[in-house]
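For reference, the structure discussed in these notes is given below.
The values are calculated or read from the model by the stated rules, or taken from the named source; none is laboratory data. None of these values were measured; they are calculated from a predicted model. When we count neighbours, we look across all protein chains shown, and the Cβ atoms used for this are built from the backbone with ideal geometry, even at glycine. Just the protein is used for accessible areas: all its heavy atoms, side chains included, with ligands, DNA and RNA removed. Shrake-Rupley method; radii C 1.70, N 1.55, O 1.52, S 1.80 Å.
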Amino acid sequence: MGLYEIIINKDNLDRAWDKVRGKRAVPGTDGVTSEEFQINRKDIVIQLEKRSK
């Protein structure tokens with residue numbers, strides 16, 4: 001398993017999201033707010049998982 005697959009692992013993504021959400025983070029360089037990400041989170045994770053295969 002490569003580094004990308006480890007990072008994109010659903011459990012790792014969930015833990016990372018919990019940390020970001022808990023900090024009430026500001027939008028990233030892509031302009032996506034944490035609220036917008038939460039709404040689209042499932043689809044984003046599925047897309048990332050597909051890229052890792």
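Here the chain is treated with +1 on each Lys and Arg Cβ and -1 on each Asp and Glu Cβ, and its dipole about the Cα centre works out to around 100 debye.
When the P(r) of segment 4-53 is calculated, the portion above 13 Å amounts to 60% of the C-alpha pairs.
Partners of Lys50 within straight-line reach, counting aspartates and glutamates whose Cα lies under 15 Å from its Cα and excluding those fewer than 8 residues away in the same chain: Glu5. Listed by chain and number, the aspartates and glutamates placed with their C-alpha closer than 12 angstrom to that of Lys42 are Asp14; residues fewer than eight positions away on the same chain are left out. Solvent-accessible area assigned to carbon and sulfur over the chain amounts to 56 percent, based on a 1.4 Å probe.
FRET efficiency for the pair Arg21 and Lys50, taken as 1/(1 + (r/R0)^6) with r the Cβ-Cβ distance and R0 = 25 Å, rounds to 0.60.
A 1.4 Å probe run over the chain, with the rest of the protein chains in place, finds 85 Å² accessible per residue.
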